[in-house]
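Scroll down for the structure; my scribbles are underneath it.
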Amino acid sequence: QERLVESGGGLVQTGGSLTLSCATSGSIFRYSAMGWYRQAPGKQRELVATLTSGGSTNYGDSVKGRFTISRDNAKNTVYLQMNSLKPEDTGVYYCNARTALYYWGQGTQVTVSS
């Protein structure tokens with residue numbers, strides 16, 4: 001069974017940075033793509049960033065130029081570097097991995113104080 005474990009969330013001030021990590025239970029090469037989504041209270045889950053096995057990236061409009069998705073194949077881990085954080089970036093961040101199915105981590109809380 002696929003297992004994704006996120007870490008790195010926390011409380012940060014506006015303008016600060018955080019790096020989220022998502023470790024997979026097996027080889028990262030199994031997945032056609034991996035990504036990050038987030039959900040703020042009272043809102044729908046939204047795309048933050050995705051990274052395909054071929055190296056293509058896609059970012060939500062609100063994070064372009066501030067967030068960077070990357071991966072370390074040797075560590076079977078995907079990262080989300082978040083810079084210039086804003087209060088509207090607050091939410092639970094979920095790691096996602098895709099084969100023919102979608103798999104989700106348990107989520108990690110990111111809170112940006114104003």
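Among the residues of the range 29-48, are any polar (S, T, N, Q), buried (at least 21 other Cβ atoms within 10 Å of the Cβ) and more than 20 Å from Ser84 (Cβ to Cβ)? Spell out how you get there, then give the answer.
Narrowing the range 29-48 to residues polar (S, T, N, Q): 32, 39, 44.
If we keep only those that are buried (at least 21 other Cβ atoms within 10 Å of the Cβ) as well, we get none.
No, the range 29-48 contains no residue that is polar (S, T, N, Q), buried (at least 21 other Cβ atoms within 10 Å of the Cβ) and more than 20 Å from Ser84 (Cβ to Cβ).
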Of Val63, Val110, the only residue that is outside any strand (DSSP E or B), surrounded by 13 or more Cβ atoms within 10 Å (Cβ to Cβ) and β-branched (Val, Ile, Thr) is Val63
Please give the number of the condition Leu20 fails out of (1) buried (at least 19 other Cβ atoms within 10 Å of the Cβ); (2) over 20 Å from Thr111 (Cβ atoms); (3) among the aliphatic types (A, V, I, L, M). (2)
Exception for Gly55 within (1) open to solvent by 20 Å² or more (accessible area, probe 1.4 Å); (2) under 24 Å from Ser27 (Cβ atoms); (3) assigned to a strand (DSSP E or B) falls at (3)
Residue hits (the range 7-28; closer than 16 Å to Pro87 by Cα and of a type in the set (Gly, Ala, Ser)) are Gly9, Gly10, Gly15, Gly16, Ser17
Are there any pairs, at least 6 apart or on different chains, whose C-beta atoms fall under 7 Å, with the first in the range 27-47 and within 16 Å of Arg3 (Cβ to Cβ) and of a type in the set (Lys, Arg) and the second open to solvent by 10 Å² or more (accessible area, probe 1.4 Å) and not in a strand (DSSP E or B), and if so, which? Arg30/Thr99
Per-region count, the range 22-42, residues assigned to a loop (DSSP other than H, G, I, E, B) and under 16 Å from the mean Cα position of the chain (by Cα): 3
If you go through the range 68-107, how many residues are of a type in the set (Gly, Ala, Ser) and surrounded by 19 or more Cβ atoms within 10 Å (Cβ to Cβ)? 3
Can you name the residue in the range 1-17 that is open to solvent by 40 Å² or more (accessible area, probe 1.4 Å) and not small (Gly, Ala, Ser) and is also nearest to Glu88 (Cα to Cα) among such residues? Thr14
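The values are calculated or read from the model by the stated rules, or taken from the named source; none is laboratory data. These figures come from a predicted structure and were not determined experimentally. As a convention, Cβ positions derive from the backbone with ideal geometry for all residues, glycine included, and neighbour counts pool all protein chains shown. With ligands, DNA and RNA removed, areas are computed over all heavy atoms of the protein, side chains included. Shrake-Rupley method; radii C 1.70, N 1.55, O 1.52, S 1.80 Å.
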